[in-house]
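Q: This structure is in C-alpha cells; I'll ask about it shortly.
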Amino acid sequence: MEPRSLICPHCGARLTPGPDPRARCEHCGTVSEILGEGALRTARVLEQIGLRLPEKPMTLDDIDAELREREAAANARRNTALVIVLAVLGTLALLVLLLR
Ligand SMILES: [Zn+2]
C-alpha cells in the first residue's frame, strides 16, 4: 500500500510517523491522527455514501448531524418535486377543461 501522506494539517510540514497512531508536528506541535487500516476502510465507506472525513476526526455525533442535514435536504427536494407535479397536473386539468 502506498504510504499515507503524512503532512501536518495545520502547517503543512512533513510528519514523522512513530509507533504511536498519532504524530506530533515538530514544526507547530499539532498532534494528528494517522489513520489505521480500519479507519481508512471506514473513510472509504463513508465516502461512498457521500461523506468525507475532514482533517479532524469526526465524532459519531458529527456524522449523525451530517446525515440528518442530508435527510432534511432530501425531504425538501421531494416536497419541491411534489409541488411541481401537482402544478403540472393542475395545468393539464385546466387545459382539458378549456379545450373540451
Ligand atoms: Zn504543523
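Just so it is clear, none of the values below were taken in a lab; they were calculated from the coordinates. Values in this document were obtained by computation on a predicted structure and should not be read as measured data. Neighbour counts are summed over all protein chains in view; Cβ atoms, including those assigned to glycine, are modelled from backbone coordinates with ideal geometry.
Q: If packing is taken as the average count of other Cβ atoms within 10 Å, what order do 61-72, 86-97, 22-33 fall into, highest mean first?
A: Highest to lowest by the protection proxy: 22-33, 61-72, 86-97.
Q: Measuring from label point to label point, each 7 Å out along Cα→Cβ, what is the residue 27 to residue 86 span in nm?
A: Simple spin-label model gives 5.6 nm for this pair.
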